[in-house]
Amino acid sequence: MKHFTILSTMILSAAAFAQDKPVEKPAEPVKDTLGYQTTPMIPGSKWHVHDGLRPQPRIVTPGEYSTQEKVGTAPSDAVVLFDGKDLSQWKSGNGEAKWKVENGYFECVPKTGTLGTKGQWGPDVQVHIEWMAPPPAGKGQGRGNSGLFFHGRYEVQVLDSFDNPTYPDGQATAIYGQTPPLVNATRPPQTWNTYDVIFNGPRFDAEGKVLKPAYVTIFHNGVLTQNHTELTGSTPHQQVGKYTKHGEKTDITLQDHGNTMRFRNVWIRELKPSGE
Ligand code: MG
């Protein structure tokens, strides 16, 4: 009787198990209702031409462009680094930000040093920044000078280049000491200039060899001034720069060159390949 009970329990359990076991059916192929699966493969990709199963790009709500009178807004997926109110996302050295905030902008306080973000992004980023030079005083590199740095070593020059000749690789939107801008699109001092910068960070191997150099694309007031320009290394003064291995994420730093430069509407977007 006891054996019978055990045996029948086993049989019943096995039957229950068999019932619970999911029936294995081949997965239904996902139907491409948006495009084609019968078209050729795109070389170097895992997608067909017009492949409707390819991931849809993320939705981003665009911001508003600035005018001279009214500051714009950032796209929905940007990190806003300055919204007109405070420098909570910035630091001077490792301490509190020493530049001053007023009337919706911040201003370099000469001799307080570089202003840098607390955060880091990348390796590839889009940066928007607007700047205004003070009334003209001095000339060349001495007039309305600052700089937008990536990794603290690659400078996109910020300079009042309106009617202010200097060495071309030191003008507004020059890759400092390397590549002059394609054109000079600078607005006069005491008006707002906009920079939209795409920075593709360099990649290094474990030994520090450059696998891919840095590239920079810049629109200055909407005009293309650097077109996927390759950087040959860092951007020192009076020297040829070189690459030295650094991390993949970058902070943003602004140069204190002794001029009361103003900045507003600063934001950054980390760039990812499509479909990620
Ligand atoms: Mg500079």
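Only helical runs count toward this figure. For the chain, summing -39,500 (n - 2.57) over DSSP H runs of n ≥ 4 and dividing by all residues gives -2500 deg cm²/dmol at 222 nm. In loop segments of segment 157-248 as defined by DSSP, the GluC sites (Glu not before Pro) with at most 16 further C-beta atoms inside 10 Å of their C-beta are E207, E248. Averaging 1/r over every pair of different alpha carbons in the chain and inverting the result gives a Kirkwood radius of 22.0 Å. Selection among T217, T232, T194 by position relative to the dipole of segment 79-270 gives T232 as farthest towards the positive end (Cβ unit charges, Cα centre). For the chain, a crude dipole built from +1 on the beta carbon of Lys and Arg and -1 on the beta carbon of Asp and Glu, taken about the Cα centre, is about 460 debye to the nearest 20. The trypsin sites (Lys or Arg not before Pro) of segment 218-276 that DSSP puts in a loop, and whose beta carbon has at most 13 other beta carbons within 10 Å, are K242, K245.
Round to the nearest 0.05 the FRET efficiency obtained for V30 and L211 when R0 = 22 Å and r is the Cβ-Cβ distance. Please list the in-between numbers first.
Numbers: r = 36 Å, r/R0 = 1.62.
Computed FRET efficiency for V30 and L211 comes out at 0.05.
Counting only Cα atoms, the size of segment 41-107 along its three principal axes is 55, 34, 16 Å, in decreasing order. Placing R0 at 22 angstrom, the Cβ-Cβ distance between Q56 and L271 gives a FRET efficiency of 0.80 after rounding to 0.05. In the chain the longest region clear of chymotrypsin sites (Phe, Trp or Tyr not before Pro) that are loop-assigned by DSSP and have at most 15 other C-beta atoms within 10 Å covers 66-276. Checking the cross-link pairs K25/K46; K91/K249; K139/K212; K85/K242; K139/K209 against a 29 Å limit on the alpha carbon distance flags K139/K212; K85/K242; K139/K209 as lying beyond it.
Only the coordinates and a few stated rules stand behind these numbers; no lab work does. Quick caveat, the model's predicted, so the values are computed rather than measured. For neighbour counting, all protein chains shown are included, and Cβ atoms are generated from backbone atoms with ideal geometry for every residue, glycine included.
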